[in-house]
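**Student:** The structure that follows is given in the form of structure tokens.
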Amino acid sequence: MEQIITRFAPSPTGYLHIGGARTALFNWLFARHHGGKFILRIEDTDRERSTEESVRAILDAMEWLGMDWDEGPYYQTERLDVYREYLQRLIDKGLAYYCDCSPEDVERRRQEALKAGRKPKYDGRCRDKGLGPGPGRVVRFRCPQAGTTVLNDLIKGSIEFDNAELDDLVLQRSDGFPTYNFAVVVDDVSMSVNYVIRGDDHVNNTPRQILIYQALEAPLPRFAHVPMILGQDRTRLSKRHGATSVMAYKEQGYLPEALVNYLVRLGWSYGDQEIFSREELIEKFDLDRVGASASVFDQEKLLWLNAHYIKEKPAGEIVRLLKPFLTERGYPDHGDDYLERAVATLQPRCRTLREMADAAAFYLVEDVEYDPKAAEKFLTPELAGPLKRLIETLKGLERFEEAELEKAFRRMAEDLGVKLGKIAQPVRVALTGVTASPGLFEIIDILGKETVLRRLEKALRFAEARSQ
RNA sequence: GGUCCCAUCGUCUAGCGGUCUAGGAUACUGGCCUCUCACGCCAGAGACACGGGUUCGAGUCCCGUUGGGACUACCA
């Protein structure tokens, strides 16, 4: 069997966005699943908009998502000889020709045609002029004017195009650079790419490309056009729908596993299964289960998956990932063991690392600030008595650990004739500043005697001060 | 405007003519658990866009309507 060769070919005109990442993922998974080859190619023939930073950003994002490539990255701007060679073949065969129409003229005629209700196609006036190379001249493809071109798409099925709809597209610009439709074909032909998996915004380009393959007498690859990812308003996903850059998700505290899992499931399914490890994805992914309709990007579901992976990962691993977020907030270093215990209590409560860094504050700062409402409600003057007693009890506790602490608290609540919550909530506010937190006893255990007593005493002073 | 694509709960989807009084996930609501908040568990509400065919039988096939999207460059 022939080896499967796929490629991801972004243009470096911005960051790797969500849609591009999914396309890359589908190509990567398809190649890995079939033991094929995955090529990375940078389509930088638009010299105006391509930048070095974008290339870097795309590579970083690929790496973060864990997509490795077997060949490349190739840069189209370094392959100009190849395009010229293929182009010359077309010219020699009379399948391409030079054109000296100015862009302004072409555009003007396009507008006129549109106004007159005709198709805004290039009118082919240079077709038979027999022009040679010259400044300002482009090379156009001599597109068949009759017949139909059919695309047998792996996802969309068979699509027929009337060649009369197509015009003589530019293959080489006046600056000598190839245009997208030509470069993409030459590259895929010369790199032996046999599966072209890309966004379905390319469907309408495909007949032109097929015609170029045929003109080149090159074997056709299999095409698979995957549906677009839409925003909540069902229009093409863009900045106004929120973060669309892959790396923005990293910065917001998402795990690559979550984003990969989410993105692959967007448009692809495997029965009722929602959670897939990387290995499972490689094992199970195939094109036949990719849907045909566009899907809406749902932040909430991504969040759910992220929460899932945060819960599932070993605490030590989360600590490593969380550190940059803590540093960013300027928290002092407490050592990995301490951090790991703290993180373990936060894992089931946070959906992103960013949330976790925020929630971890009380573990890391010297003294907590009270949420005014919480303090108002729970650190009351009547609390002074029980608080004093609690401080004494804790001081006398020889084993300052979760189980013992719980016993001590329950005993005290019983003595006082109140429910545990009656004293737990004030203590929680004293220790964390807020009314929602991990389990009280694990917090006390982790915080340690010294910190706990200090915060309780501060709370006591606060409560007493209110009675004045 | 033209060409092309798409159409099951709000969202992601299962469904590949009968097993669908349409399944799962998420989000939402209620309950349980419980020191709070989460997690977890249980329950609930929620969809085949519409109209014609084809067929004994249609969410599933065909056509149309409507709606949405993409493309229509010397961008990719």
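The values are calculated or read from the model by the stated rules, or taken from the named source; none is laboratory data. In this text the structure is predicted, and so the values were computed from the model without any measurement. Here the Cβ positions follow ideal geometry from the backbone for every residue, glycine too, while neighbour counts run over all protein chains shown. When the accessible area is computed, the model is the full protein with side chains, heavy atoms only, and any ligands, DNA or RNA have been set aside. Shrake-Rupley method; radii C 1.70, N 1.55, O 1.52, S 1.80 Å.
**Student:** For chain A, what % of the accessible area comes from carbon and sulfur atoms, probe 1.4 Å? Write out the running numbers ahead of the final one.
**Tutor:** Details: 10860 of 22390 Å².
The C+S portion of the solvent-accessible surface of chain A is 49 percent.
**Student:** Once the convex hull of the alpha carbons of segment A:372-466 is built, what does its volume come to per residue, in cubic angstrom?
**Tutor:** Working: hull volume 7.9 nm³, N = 95.
In segment A:372-466, the Cα hull volume divided by residue count equals 83 Å³.
**Student:** Compute the length gained on full extension between A:ARG127 and A:ALA361: take 0.36 nm times their separation in residues and subtract their Cα-Cα distance, giving the result in nm to one decimal.
**Tutor:** Length difference between fully extended and current span is 77.1 nm.
**Student:** Using θ = phi - 60° and the Karplus curve 6.51 cos²θ - 1.76 cosθ + 1.60, what whole-Hz ³J(HN,Hα) does each residue of segment A:6-17 get, with Gly and Pro shown as x?
**Tutor:** 10, 8, 10, 10, x, 9, x, 10, x, 6, 6, 9
**Student:** Ordered by residue, what ³J(HN,Hα) values in Hz, to whole numbers, does segment A:136-150 give under the Karplus form 6.51 cos²θ - 1.76 cosθ + 1.60, where θ = phi - 60° and Gly and Pro are x?
**Tutor:** Result, ordered by residue: x, 9, 10, 10, 10, 7, 7, 7, x, 8, 10, x, 10, 10, 10 Hz.
**Student:** May I ask for the distance between the Cα centers of segment A:408-439 and segment A:240-261, given as a whole number of Å?
**Tutor:** With segment A:408-439 and segment A:240-261 each reduced to a Cα centre, they are spaced 38 Å.
**Student:** Okay, moving on. For segment A:79-226, what is the accessible area per residue in Å² when the probe is 1.4 Å? Mind dumping the intermediate values first?
**Tutor:** Values: 6900 Å² over 148 residues.
That works out to 47 Å² per residue.
**Student:** Give me the one-decimal nm value for the distance between modelled label points at A:TYR270 and A:GLU78, 7 Å along each residue's Cα-to-Cβ direction.
**Tutor:** It is 3.5 nm.
**Student:** To continue, here is another question. How would you rank A:12-19, A:227-234, A:247-254, highest first, on the average number of other Cβ atoms within 10 Å across their residues? Show your work: numbers first, answer last.
**Tutor:** On the way: A:12-19: 20.5, A:227-234: 15.5, A:247-254: 18.6.
The peptides rank, most packed first, as A:12-19, A:247-254, A:227-234.
**Student:** Ok, one more. Can you list the residues of segment A:155-193 with backbone N under 20 Å from a point 7 Å past the Cα of A:SER102, pointing along Cα to Cβ?
**Tutor:** A:170, A:173-176
**Student:** Whose amide H sits under 5 Å from the amide H of A:ILE5, counting only residues 5 or more places off or on another chain, with H placed in the peptide plane?
**Tutor:** A:LYS37, A:ASN194, A:TYR195
**Student:** Once phi is turned into θ = phi - 60°, what whole-Hz ³J(HN,Hα) does the Karplus curve with 6.51, -1.76 and 1.60 give for every residue of segment A:347-355, x standing for Gly and Pro?
**Tutor:** 3, x, 10, 10, 9, 9, 5, 5, 4
**Student:** Here's another thing I want to ask about it. Quick query: amide H of A:TYR75 versus all other amide H atoms, modeled in the peptide plane; which residues come in under 5 Å with a sequence gap of 5 or more or a different chain?
**Tutor:** Correct list: A:ILE42.
**Student:** Suppose every Lys and Arg Cβ carries +1 and every Asp and Glu Cβ carries -1, with no other charges. What dipole size does chain A come out with about its Cα centre, to the nearest 20 debye?
**Tutor:** On the way: 67 positive and 75 negative charges, 240 e Å.
Value, rounded to 20: 1160 debye.
**Student:** Let me ask something additional. Which of the GluC sites (Glu not before Pro) found in segment A:353-431 are loop residues per DSSP with 11 or fewer other Cβ atoms within 10 Å of their Cβ? Walk me through the numbers on the way to the answer.
**Tutor:** Working: sites: A:GLU355, A:GLU366, A:GLU369, A:GLU376, A:GLU382, A:GLU392, A:GLU398, A:GLU401, A:GLU402, A:GLU404, A:GLU406, A:GLU414; in loops: A:GLU366, A:GLU369, A:GLU398, A:GLU401.
Answer by residue number: A:GLU366, A:GLU369, A:GLU398.
**Student:** Restricting to chain A, compute how many DSSP beta bridges are antiparallel as a %, nearest 5. Mind dumping the intermediate values first?
**Tutor:** Details: 17 of 32 bridges.
The answer is about 55 percent antiparallel.
**Student:** Rounded to the nearest 0.05, what FRET efficiency do A:LYS311 and A:ALA465 give with R0 = 35 Å and r taken as the Cβ-Cβ distance? Could you check?
**Tutor:** Values: r = 41 Å, r/R0 = 1.16.
Computed FRET efficiency for A:LYS311 and A:ALA465 comes out at 0.30.
**Student:** So, one more: For a Förster distance of 45 Å, can you work out the FRET efficiency between the beta-carbons of A:SER192 and A:ALA113, rounded to the nearest 0.05?
**Tutor:** Values: r = 39 Å, r/R0 = 0.88.
For R0 = 45 Å, the calculated efficiency reads 0.70.
**Student:** For A:ASN204, project a label point 7 Å along Cα to C-beta. Then give me every residue of segment A:84-118 with its amide nitrogen under 17 Å of that point.
**Tutor:** So the set is A:110-111, A:113-115, A:117-118.
**Student:** Could I ask something else about it? Return the FRET efficiency for the residue pair A:GLU160, A:LYS377: r is the Cβ-Cβ distance, R0 is 56 Å, and the value is rounded to the nearest 0.05. Write out the running numbers ahead of the final one.
**Tutor:** Numbers: r = 70 Å, r/R0 = 1.26.
According to the calculation, E is roughly 0.20.
**Student:** Working only with C-alpha atoms, what are the Rg and Dmax values of segment A:79-226, expressed in angstrom?
**Tutor:** That works out to 15.5, 44 Å for Rg and Dmax.
**Student:** Relative contact order of chain A, please, whole-number percent, based on alpha carbon pairs below 8 angstrom and at least 6 residues apart. The partial results should precede the final answer.
**Tutor:** Values: 673 pairs, mean separation 58.0, N = 468.
Once normalised by length, the contact order is 12 percent.
**Student:** Please work out, to two decimal places, the log10 of the ratio I(q)/I(0) at q = 0.06, 0.12 Å⁻¹ from a Debye calculation in which every Cα of chain A carries one identical scatterer.
**Tutor:** -0.44, -1.04
**Student:** May I ask you to derive the relative contact order of segment A:79-226, considering only C-alpha pairs under 8 Å and at least 6 residues apart, and to give it as an integer percent? The partial results should precede the final answer.
**Tutor:** Values: 215 pairs, mean separation 35.2, N = 148.
Dividing the mean separation by the residue count of segment A:79-226 yields 24 percent.
**Student:** Measure up A:LYS388/A:LYS449; A:LYS250/A:LYS313; A:LYS373/A:LYS407; A:LYS119/A:LYS156; A:LYS37/A:LYS156 against 18 Å on the Cα-Cα distance and list the ones that go over. Write out the running numbers ahead of the final one.
**Tutor:** Details: A:LYS388/A:LYS449 15 Å; A:LYS250/A:LYS313 16 Å; A:LYS373/A:LYS407 29 Å; A:LYS119/A:LYS156 26 Å; A:LYS37/A:LYS156 24 Å.
Table pairs above 18 Å Cα-Cα are A:LYS373/A:LYS407; A:LYS119/A:LYS156; A:LYS37/A:LYS156.
**Student:** Still on this model: Where a ≥ b ≥ c are the square roots of the eigenvalues of the C-alpha gyration tensor, would you call segment A:305-345 rounded, which needs a/c under 1.5, or, failing that, prolate if a/b is larger than b/c, or oblate? Write down the numbers at each step before the final one.
**Tutor:** Working: a/c = 2.62, a/b = 1.51, b/c = 1.73.
Cα axes put segment A:305-345 in the oblate bin.
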